[in-house]
Amino acid sequence: MRDLGLVALDWADTPKNFSHSHSPIVIVLPSLLGSATTMSNLCALMLKKHFRCVVINRRGHGQTPLVTPKLQSYGDASDLRQVLKYLRVRYPFAKLSCVGCGAGASLLISYLGEYGSSSYLTASVCISATYDVEAAQICQPYNWLMLCYLKLTVSHYASAFSQVVDLRSVLCCRTLKEFEQKFYCKLHGYADLDDYWEKNSPLRDVDDVATPVLCINSLDDPISSSVNIPFDLFGIYPNLFLVTTERGGHCGFWEGLRPRPWAHILALDYIDAVMEFTSSGENDLA
């Protein structure tokens, strides 16, 4: 990264018979508690569809070393931008698409709005995104689990953060909002939570989304409830598509006697369809 920070790209093993320069690449953005390991089912499905698959592990997550005192804030898409630029240069003939889950989905929406028609992405899918994080009412015990995970991450890198935040105060936080105020606002120089969410809200630049994006949400999601879904936006913007289900939880959507992730299958079918559609359009122009 430009500031000498480090993110990790975990590539799924691909058979040599289709790993050539034109094979499409799907980038995966895990949830807050996720990593390349937790996204293995999705990666396996991608390989069956002859997609190359790479999972981005954020700074300090998924066993990625933290070499600078900085963790990515909720809607900061700068690291993702640098990764996509690298992939575009490294694989100039491959179409790039992206699937985000949970917090990764919210980050993807932020990125698509911020970079608009220069996103480098052909298609995107957001699974269980939280659209208005500031107003979200996260059910217990999920609120507690997320707070514990963040505290463990900070304590693991205590020596790196001790010079930039009050660690004792951060580790004594009792709510996510308090943690965001005392850690993320301080770390990134925001005046307060209002300033933080103004700069990090996933929908802050939704007017500029130019990449076709499918959003998949469950109405029983304990982290992003149905009242958090901006149904009206999906009726206004032509590049936003929404699928909702009665059940599915947060990043779950398991089905069948031998459970399989229904949302992952839909996500890849959607990416496949968009790439086929755009390829036919390019052929017509040619």
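Looking only at segment 42-60, count every residue that is open to solvent by 20 Å² or more (accessible area, probe 1.4 Å), part of a helix (DSSP H, G or I) and under 15 Å from GLY104 (Cβ atoms) and tell me the total. Total meeting the criteria: 0.
When you check GLN63 against the structure, is it under 18 Å from the mean Cα position of the chain (by Cα), assigned to a helix (DSSP H, G or I) and in contact (Cβ under 8 Å) with a residue 40 or more places away in the chain, yes or no? Spelling it out, it is not the case that GLN63 is under 18 Å from the mean Cα position of the chain (by Cα), assigned to a helix (DSSP H, G or I) and in contact (Cβ under 8 Å) with a residue 40 or more places away in the chain.
Only residues that are acidic (Asp, Glu), in a loop (DSSP other than H, G, I, E, B) and closer than 26 Å to THR122 by Cβ were counted across segment 190-226, and they come to 1.
Selection of first residues in segment 158-171 that are closer than 12 Å to LYS70 by Cα and of second residues that are of a type in the set (Lys, Arg), restricted to Cβ pairs under 8 Å at least 6 apart or on distinct chains, gives the following pairs, ordered by first then second residue: VAL164/LYS186; VAL165/LYS182; VAL165/LYS186.
Applying the condition of being farther than 20 Å from ALA103 by Cα and in contact (Cβ under 8 Å) with a residue 12 or more places away in the chain to segment 252-270 and asking which residue is least open to solvent (accessible area, probe 1.4 Å) yields TYR270.
Restricting the first member to segment 221-240 and to residues that are free of Cβ contacts under 8 Å to residues at least 12 places away in the same chain, and the second to residues that are open to solvent by less than 70 Å² (accessible area, probe 1.4 Å) and among the hydrophobic types (A, V, I, L, M, F, W, C), the beta-carbon pairs closer than 8 Å and six or more apart or on different chains are PHE231/LEU242.
Does segment 240-251 include one or more residues that are assigned to a strand (DSSP E or B), open to solvent by less than 40 Å² (accessible area, probe 1.4 Å) and in contact with a Ser or Thr (Cβ under 6 Å, 6 or more places away or on another chain)? Yes - at least one qualifying residue is present in segment 240-251.
So, of the residues in segment 137-159 that are of a type in the set (A, V, I, L, M, F, W, C) and buried (at least 17 other Cβ atoms within 10 Å of the Cβ), which turns out to be nearest to ALA210 (Cα to Cα)? Applying the filter and picking the extreme gives ILE138. Total residues in segment 199-231 satisfying the condition of being open to solvent by 30 Å² or more (accessible area, probe 1.4 Å) and either within 19 Å of ALA267 (Cα to Cα) or of a type in the set (Lys, Arg) (or both): the figure is 5. Here are some residues: PHE183, PHE234. Which one is open to solvent by less than 40 Å² (accessible area, probe 1.4 Å), in a helix (DSSP H, G or I) and farther than 28 Å from SER119 by Cα? Exactly one residue qualifies, and that residue is PHE183. All of ASP192, ASP220 fail the test of being touching a Cys at 6+ places or on another chain (Cβ under 7 Å) and not aliphatic (A, V, I, L, M), apart from ASP192. Among the residues of segment 61-98, those that are more than 26 Å from LEU187 (Cα to Cα) and open to solvent by less than 10 Å² (accessible area, probe 1.4 Å) comprise LEU87, ALA94, LEU96, SER97, CYS98.
Would you be able to say whether some residue in segment 52-70 is among the hydroxyl-bearing types (Ser, Thr, Tyr) and closer than 29 Å to SER225 by Cα? Checked against the condition, which is being among the hydroxyl-bearing types (Ser, Thr, Tyr) and closer than 29 Å to SER225 by Cα, segment 52-70 yields no hits at all.
The values are calculated or read from the model by the stated rules, or taken from the named source; none is laboratory data. Remember, predicted model here, so these are calculated numbers, not experimental data. Cβ sites come from the backbone with ideal geometry, for glycine too, and all protein chains shown count toward neighbours. What goes into the accessible areas is simple: the full protein's heavy atoms, side chains included, and nothing from ligands, DNA or RNA. Shrake-Rupley method; radii C 1.70, N 1.55, O 1.52, S 1.80 Å.
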